[in-house]
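Nothing in this text is a laboratory measurement; each read-out follows from the coordinates by a stated rule. Only a predicted model underlies this, so the values are computations on that prediction, with no experimental measurement involved.
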Amino acid sequence: MTSGTLTPLLKKLELKGFLKRKRSRNDERVVMVILTEEGHNIRAEAIEVPKLLVAKSKEVFSVHEAAELRALLNKLLDAIDAAHGVVNPEDIKR
């Protein structure tokens, strides 16, 4: 992720009260990102989302269907990576 991508995202999260940014005293190029109490709360909620999705998917999909879906989603992600110039999609951990 480039600073050009990250900066607007951090600004939005800061405006929503999820984090604070603070410049390093030693190096002005370095910006420390600190979660606020609200940021910690939303992080705790966000961590539960994948667990809920996995649990729900086990109710909806068979093991075979889940494997097929995973393969199709990985194929889609590879196509998106290629469209955005990612040189080797295998370098990205999924």
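Computed extension length for residue 46-residue 25: 4.4 nm, one decimal, from 0.36 nm per residue of separation with the Cα-Cα distance subtracted.
With contacts taken as Cα pairs under 8 Å at a separation of at least 6 residues, the chain carries a relative contact order of 14 percent.
The helix-based estimate of mean residue ellipticity at 222 nm for the chain, built from -39,500 (n - 2.57) per DSSP H run of four or more residues and divided by its residue count, is -21000 deg cm²/dmol to the nearest 500. Classification of the range 33-84 by its C-alpha gyration tensor yields an oblate form. The axis ratio a/c (a ≥ b ≥ c) is 1.5 or more, and b/c is at least a/b. Within the chain, helices built from complete DSSP H runs that reach 20 Å or longer along their own axis (Cα positions) and carry a mean Kyte-Doolittle hydropathy of -1.0 or higher are 37-60, 63-83.
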